[in-house]
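Participant: I am attaching a structure below and will ask some questions about it afterwards.
The values are calculated or read from the model by the stated rules, or taken from the named source; none is laboratory data. These numbers come from a predicted model, not from an experiment. Cβ placement follows ideal geometry from the backbone for every residue including glycine, while neighbour counts extend to all protein chains displayed.
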Amino acid sequence: MLTVDLALLRGWRRNPNLVLRHDRNISRSNTVLAKINVMIIALASALASSSLAAEQAGPEIADFTLANGLEMVVIPDHRAPVVTHMIWYKVGAADETPGKSGLAHFLEHLMFKGTAKNPAGKFSQVVAHIGGQENAFTSQDYTGYYQRVPSEQLKTVMEFEADRMTGLQLTDDVVLPERNVILEEQNQRVGNNPRARLAEQIDAALYLNHPYGKPVIGWRHEMEELSRNDAIGFYRRFYAPNNAVVVIAGDVDPAQARALAEETYGKVPRHGATGGPRVRAQEPPPVAVRSLTLADARVEMPTLQREYLVPSFATGKRGESEALEVLAHILGNGSNSRLYRALAVEKQVAVVAEAWYDSNALDMSKFGIYGSPRPGTTLPQLEAEIDAVVAQLIDKGVTEEELERTKTRLIADAVYAQDNQASMARWYGAALTTGGSVNDVRHWPDRIRAVTADQVRDAARQWLDKRRSATGYLIKDVSPQAEKRS
Amino acid sequence: MTRLVASILCGVVALIGCAGTASAMTIEKIVSPSGIEAWLVREKAVPLVTLNYAFHGGATQDGADKAGTANLAADLLDEGAGNLDSKAYHERLENHAIELGFQVGRDYIHGSLRTLNEHRDEAFDLLRLALSSPRFDADAVERVRGQQLAALQRDTTNPNDLASRRWWQTAFPGHPYGRETKGTLETVPRITAADLRDYVRRVFARNELKVSIVGDVDAKTAGALIDRAFGGLPAKNDLKAVANATPSGLGRRIVINVDVPQAVVTFGGLGIARHDPDFMAAYIVNHILGGGSFSSRLYREVREKRGLAYGVSDSLVWFRSAAVVLGGTATRADRTADALAVIEHEIKRMADEGPTPEELAAAKSFLKGSYALTLDTSGKIAVQLTQIQIDNLGIDYIQRRGAMIDAVTIEDAKRVARRLYGGGMLVTVAGRPKGLTSSETTE
């Protein structure tokens, strides 16, 4: 059967920190979420400088800033007459006022409710009429909106997007039903999914002080109280040209994109009070091993999830984030990773064993391990085996063969990314709203290539310290009360 | 390769998107030296090769007592082949950043391959090994079977899976389409290595193979690569026939009790065959009812106006021997009945009145314009070309599609809406929906 184009969404659905406005596949099946696994590859470059890429240079990427402070990135790709137009606001769930969890995401939904100039539904109707696709997404650090349209319609969507940067109008008639929508979204993503419930609890235990400990979707009791005024206040505070990045990838030239931007976004005035440094409450040095257990009557496959507090690209020292990237791959990505070989193949104590790292965070990020035991193995036994694999890696380091294989894989991803304009736009947007620059993205393969075996072992030694971690067990609730709950 | 690549039989230039744009995509039909036909799109902008292919013979080939055989085989194809065990095989893939994927559907097993240009010979060699001499070593079989059983066990309390599984079982009782591709907790343990070998032997053949290749390769090189992977396969497959079927249970509602805060609903009814002359009209009408945009009737009524669900949609699903309309939503338990009433009302209204001329015009505009978005990466192009070959739509389909959409009149749309939605729906609900019960006492 013909499948709907969800390529842009597909990768993101693996990232539990991203919440999308509309995800039509989710009601059909959650099998894609079978493996809890955050985007492993955080950044990609247009100019991979491997032997083959040298002769096949990627596109020339333009990066400039309008007079009102709006940053723009243009990634030409003329293979198909379409463009991906994205606006990324430098605001996410971590920027919410305490007590208002879920507000950044709620506003993202409400951004589709119309302006003085374009009443509710108009923008979406026009996008549909020209055969475009649209959606929006929220993370801890950014909120993004995008349209994929025929290239000659680029100006149209830029006009609409510029209009709703400051022109949003909200009434309770549209706000209140939409609040029910996000509550159903919370049920769908979290309430109905025991593993997502566990992940929320681990985040909350990992971050003692930083707002990353709150779920992007929000806590239900706070979501239920979010109001029109909350949304408008948040909007006026954070939505401005000098607090956003526009990324355009596809069939467009930088000069043309710039001219269109001047005519549309260029007319929106700078907002004096926003766009400065993003200061959040930071984490104290972690000192305690944290462990927790969530019992849920629906659990048929026990799982273990662990997160360590580790540097992101933005907070790490030079090379640290790249070493963590390589470490996550060697430890837990693919059939020949350390965890899978030891636990699933050799000792046969696990059905799944993986590791992941998320480099895209403005503040301290997470390194995760995930596993499910085979029948007959308990979670504490599985945890002991995981600990042994980690300990061995810390002790003995990684082999040159593992290092080379991993680098080849990661650097190839940068070349593969060039095939997909939407992926390119996404990578640049995510980097630029989490403390990275165009140059950082561009030179990512070089930095991966420079990672040494010693750096990988040092990263493991320094950051995979259990005192920096929270470990969660997901088990079946067999108490009689669980059956009565309704 | 001693023989020359057969001459290119025809070249068709398909202009994607609006006329007047510079971008064009040429689809060449090529025939490899061993006689395998493939569609090729040359793309020099990115130094990679993307292959997509399908063999006729998916989960329909499973024995009723061994459902999940094709799926288990697919998961084991890269777990050791030829003289390489699982570890060695994966090392060869990873050392060259080669991506291989296999996916089993009901009628077909689909495969994909992505490689950097410089490693393409190695990539196609590894594919040949996977298809022609998978090992099915006992340890790998048990490991992967264990993973599948764990997932099946987990699904026993997953409302999405429960609602979907029951829908298919009820719609196609006793028919291969009524079984889940992934099998069940009862059937997967019964599958033997001999069953897996038998599946591979019967299905992986050249005669009903559809191949699409996109990348920086010319016709001659593409032909050689195709033979490298597929040239040694048997000439003819050996498939079990599948009877034509229509969905049953229409008008029924089945509630499956599972303790979740949100009830998951699957609904569906009669569909339309891909080769039916009314297919395009049905495709448009369904887009208006519940297709994937923010302006479908279901989306507007269920989500925008009432806030009853985060998502609601439906789509046409077609197989070789059956076709259905299938949709879903997830709503809170105390409003499930309301959401279902709205959906049923909208389906009936569409059957009775059809779309408005304005809706028809808007849907046509969307479906024409959005097609280019399904063809903007090598991977997407390859998938699309394989599907066009499977559906037997012709190499010029991309060119003709716009006119086919334009030709649908409002009368066609109304007639087809009645045909599509007038037959009633089978509804399965997993959760604790308040005030909603099964329509039969057997539940």
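Participant: Can you name the residue in the stretch B:23-72 that is within 12 Å of another protein chain (Cβ to nearest Cβ) and β-branched (Val, Ile, Thr) and is also farthest from B:GLU122 (Cα to Cα) among such residues?
Facilitator: B:VAL41
Participant: In the stretch A:298-337, which residue that is touching a Ser or Thr at 6+ places or on another chain (Cβ under 6 Å) and hydroxyl-bearing (Ser, Thr, Tyr) is nearest to the other protein chains (Cβ to nearest Cβ)?
Facilitator: Once the filter is applied, the top-ranked residue is A:THR303.
Participant: State all residues of the stretch A:133-160 that are in a loop (DSSP other than H, G, I, E, B) and in contact with a Ser or Thr (Cβ under 7 Å, 6 or more places away or on another chain); if no residue qualifies, say none.
Facilitator: The answer is A:ASP141, A:TYR142.
Participant: Would you tally the residues in the stretch A:367-413 being touching a Ser or Thr at 6+ places or on another chain (Cβ under 9 Å) and not in a helix (DSSP H, G or I)?
Facilitator: 7
Participant: For B:ASP139, only one of the following conditions fails: (1) within 11 Å of chain A (Cβ to nearest Cβ); (2) over 19 Å from A:LEU410 (Cα atoms); (3) crowded, with 22+ Cβ neighbours inside 10 Å. What is its number?
Facilitator: (3)
Participant: Please work out which one of (1) more than 10 Å from every other protein chain (Cβ to nearest Cβ); (2) surrounded by fewer than 21 Cβ atoms within 10 Å (Cβ to Cβ); (3) part of a helix (DSSP H, G or I) is the condition A:ASN180 fails and give its number.
Facilitator: (1)
Participant: Still on this structure: Could you list, in sequence order, the residues of the stretch B:155-194 that are acidic (Asp, Glu) and either in contact with a Leu (Cβ under 7 Å, 6 or more places away or on another chain) or closer than 15 Å to B:THR60 by Cβ (or both)?
Facilitator: Residue satisfying the conditions is B:GLU180 alone.
Participant: Right, another one. So, of the residues in the stretch B:323-372 that are facing chain A (nearest Cβ under 7 Å) and among the charged types (D, E, K, R), which turns out to be farthest from B:ARG419 (Cα to Cα)?
Facilitator: Restricting to residues being facing chain A (nearest Cβ under 7 Å) and among the charged types (D, E, K, R), the top hit is B:ARG332.
Participant: Let me confirm something: among A:ARG426, A:ARG461, A:ARG374, which residue is under 30 Å from B:LEU48 (Cα atoms) and of a type in the set (Lys, Arg)?
Facilitator: Only one candidate qualifies: A:ARG426.
Participant: Taking the stated definitions as given, is A:LEU331 in a helix (DSSP H, G or I) and at pLDDT 95 or above?
Facilitator: When the stated conditions are applied, A:LEU331 passes them.
Participant: If the requirement is being farther than 21 Å from B:PHE230 by Cα, within 21 Å of the chain's Cα centre (by Cα) and touching a residue at least 40 places away in the same chain (Cβ under 8 Å), which of these qualifies: B:THR69, B:THR157?
Facilitator: Only one candidate qualifies: B:THR69.
Participant: Among the residues of the stretch B:96-121, write down those that are within 12 Å of another protein chain (Cβ to nearest Cβ), more than 23 Å from the chain's Cα centre (by Cα) and of a type in the set (Asp, Glu).
Facilitator: Hit for the stretch B:96-121 is B:GLU118, nothing else.
Participant: A follow-up question, please. The conditions are (1) touching a strand residue (DSSP E or B) at 6+ places or on another chain (Cβ under 8 Å); (2) at the interface with chain A (Cβ under 7 Å from one of its Cβ atoms); (3) farther than 15 Å from A:GLY121 by Cβ; (4) not in a strand (DSSP E or B), and B:LEU289 fails exactly one of them. Which is it?
Facilitator: The number of the failed condition is (2).
Participant: Still on this model: Based on this model, can you work out whether B:GLU79 counts as among the acidic types (Asp, Glu) and buried (at least 20 other Cβ atoms within 10 Å of the Cβ)?
Facilitator: On the way: among the acidic types (Asp, Glu): yes; buried (at least 20 other Cβ atoms within 10 Å of the Cβ): yes.
For B:GLU79, the condition - among the acidic types (Asp, Glu) and buried (at least 20 other Cβ atoms within 10 Å of the Cβ) - is met.
Participant: Next question. Please determine, by comparing only the residues of the stretch B:82-95 that are of a type in the set (A, V, I, L, M, F, W, C) and within 12 Å of chain A (Cβ to nearest Cβ), which one is surrounded by the most Cβ atoms within 10 Å (Cβ to Cβ).
Facilitator: Filtering the stretch B:82-95 for residues that are of a type in the set (A, V, I, L, M, F, W, C) and within 12 Å of chain A (Cβ to nearest Cβ), the one surrounded by the most Cβ atoms within 10 Å (Cβ to Cβ) comes out as B:LEU93.
Participant: Hey, another quick one. Taking strands (runs of 3 or more DSSP E) that fall entirely within the stretch A:239-312, which contain at least 1 residues that are surrounded by 17 or more Cβ atoms within 10 Å (Cβ to Cβ) and of a type in the set (D, E, K, R)?
Facilitator: A:290-296, A:303-310
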